[in-house]
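Notes to accompany the following structure.
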Amino acid sequence: MKKVKKSRVNLLMIAAVLLLSVGLTACDKAEKNDKEQNQTENKTVQDNNTKEGSWDNTNTDQEGTDTDTEDENESNEDNETDESTASDVKEEENPLVPDFTLKSSEGEEISLSDYSGKVVVLNFWASWCPPCKKEMPEFQKLYDELAESEDAVLLMLNQTDGQRETEKKANSYIEEEGLTFPILYDTGEVGGSIFGLNSIPTTVVIDKEGRLSDYVLGRTEYSKVAQMIEEAK
């Protein structure tokens, strides 16, 4: 985040007061009268110059006030720019997750937008993946807890490529392990196209505004995911 540099305007006050002096010599009465007349004229000139000097100072002071106002405006603009920049950075770090729709093991069409306003946890897994299997009891515990509290929603996205992992293999594994959470068949729409995953397991937490909040690459546990959910609220 870059800050906008402030530029300050320094005003140089220039006040020139001209003092006129006339050298007088005492010669005769006529010259003395000229002297008195010249002194009177000089006094008038000095008074006028003094007034001009006062006017220049007044204008300079006024300009100084305007400069202070400009500085305050620049400071306000800098603050607004900083806030805007911070907001932009935050949005870049927490991108909005595109909506998606997948078929579930219960035969329903499930969309991310169905849970708008809620924290959503996505777990990407497959039945052939040893680390995925090890964390399944952790997610079963989390699923049971969230079903009661409704603080968040857990979506288990099986990476169904049709070869190494199929719907039949995924369903058989869930039944054998006695897991009760429904699974979604992700054939690449989410894990591949949206998140660009190249390894599993991966767990993603999406906040109530639909933005990416946090994620874990590799095996995780109940306490870690529960903490991410709290931070996403």
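Listing for the model above:
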| item | result |
| --- | --- |
| Student exercise, the range 98-158 dipole from Lys, Arg, Asp, Glu Cβ charges, in Debye to nearest 20 | 360 debye |
| Cβ charges +1 (Lys, Arg) and -1 (Asp, Glu), total dipole of the range 101-232, debye | 500 debye |
| E108, E145 arranged by Cβ crowding within 10 Å, fewest neighbours leading | E108, E145 |
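Just so you know, all these numbers are worked out from the coordinates, no wet-lab data involved. Quick caveat: nothing in here was measured; it's all calculated off a predicted structure. As a convention, Cβ positions derive from the backbone with ideal geometry for all residues, glycine included, and neighbour counts pool all protein chains shown.
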